[in-house]
Amino acid sequence: MSPRRFAPACAALAFLLVIVAIASGALWWPGLSHTGHPMALPGAGGVPHAAGYNALAFVLPGVLACLLALWRYNALAPAAGWVARIGARLLLVAGTAWAAQGVFALDLRELDGPAGYLHAAAWTCWWLAAASGLALLGSGDRRGRRLDWTIATLLVLLALLPHWPWPAALSQRLAALAWFGGWLAWSLRGRRVSGLR
């Protein structure tokens, strides 16, 4: 499987899955507010067809992000140092943590219970690994540096400023769109810039 050929398709599919999940969340949870409810609420245990939402929003995009992270690691220039390689591996951790959010779904009966703790841990792990991975990758690999740093900065701002100028629930959705949109932008940069073979 040639990454150069399949990476844009995988990135576009992951981005599309997240967009569809965000847009269709109200089908799973009538009355869902994109500014007032967490992105994972339609996938909470006790919601009809929650497993389908979790697969659409978290598991499938997370698996695709892991595949993209592996391709990105393999696309690093031979001269790329350990900082870039650690950053690329952190992106693999981020993809795994994104998928884990669908596995460790919220429990509708007890949002602050053990299931909620596992889900929050997966979200936090995703955010930390994605932001730090992109920052390290941008520091160690000149190709795509501006894109990596821009998305890392967006992720940090969306996490640290969740109540201004918009609510935390909207920040979650914007962070997801920024990260998966970044994968799509990286994969479309072409062989010369992205390093895909």
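The values are calculated or read from the model by the stated rules, or taken from the named source; none is laboratory data. Bear in mind the structure is a predicted one, so any value in this text is a computation, not a measurement. Cβ coordinates were reconstructed from backbone atoms using ideal geometry, including for glycine residues, and neighbour counts include every protein chain displayed. Keep in mind that these areas ignore ligands, DNA and RNA; they rest on the heavy atoms of the full protein, side chains included. Shrake-Rupley method; radii C 1.70, N 1.55, O 1.52, S 1.80 Å.
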Of V93, L70, Y117, which is farthest towards the positive pole of segment 61-146's charge dipole, taken about the Cα centre with +1 and -1 on the beta-carbons of Lys, Arg and Asp, Glu respectively? L70
Longest principal axis of the chain (C-alpha) makes with the long axis of helix 114-140 (C-alpha) an angle, in degrees to the nearest 10, of 20 degrees
Go ahead and estimate [θ] at 222 nm for the chain from helices alone: -39,500 (n - 2.57) per DSSP H run with n ≥ 4, summed, over the residue count, rounded to 500. -22000 deg cm²/dmol
Using +1 at the C-beta of Lys and Arg and -1 at the C-beta of Asp and Glu, which of S139, L128, W179 has the Cα lying farthest in the positive direction of the dipole of segment 116-190? S139
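In whole Å, what three semi-axes, largest first, describe the equivalent ellipsoid of the chain built from its Cα gyration tensor (square root of 5 times each eigenvalue)? Before the final figure, lay out each step's value.
On the way: eigenvalues 175, 57, 41 Å².
They are 30, 17, 14 Å, listed largest first.
Rank Y117, Y73 by accessible area, highest first, at a 1.4 Å probe radius?
On the way: Y117 150, Y73 55 Å².
Accessible-area ranking of Y117, Y73, largest first: Y117, Y73.
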Would you work out what percent of the accessible area of the chain, with all protein chains in place, is carbon or sulfur (probe 1.4 Å)? 70 percent
Mind pulling the angle between the C-alpha long axis of helix 3-23 and the longest principal axis of the chain? Nearest 10 degrees, somewhere in 0 to 90. 20 degrees
Can you list, bin by bin at 10 Å, the percent of alpha carbon pairs in segment 83-186, starting at 0? 16, 44, 30, 8, 1
Report the accessible area of T96, computed with a 1.4 Å probe over the heavy atoms of all protein chains in place, in Å² rounded to the nearest 10. 80 Å²
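Can you give the charge dipole size of the chain about its Cα centre, rounded to the nearest 20 debye, using +1 on the beta carbon of Lys and Arg and -1 on the beta carbon of Asp and Glu?
Working: 15 positive and 5 negative charges, 244 e Å.
Result for the chain is approximately 1180 debye, rounded to the nearest 20.
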Which semi-axis lengths, in whole Å and largest first, follow from the square roots of five times the eigenvalues of the Cα gyration tensor of segment 50-89? 30, 8, 4
Longest principal axis of the chain (C-alpha) makes with the long axis of helix 145-160 (C-alpha) an angle, in degrees to the nearest 10, of 20 degrees
Tell me, rounded to the nearest percent, the portion of alpha carbon pairs in segment 1-72 spaced more than 22 Å apart. 30 percent
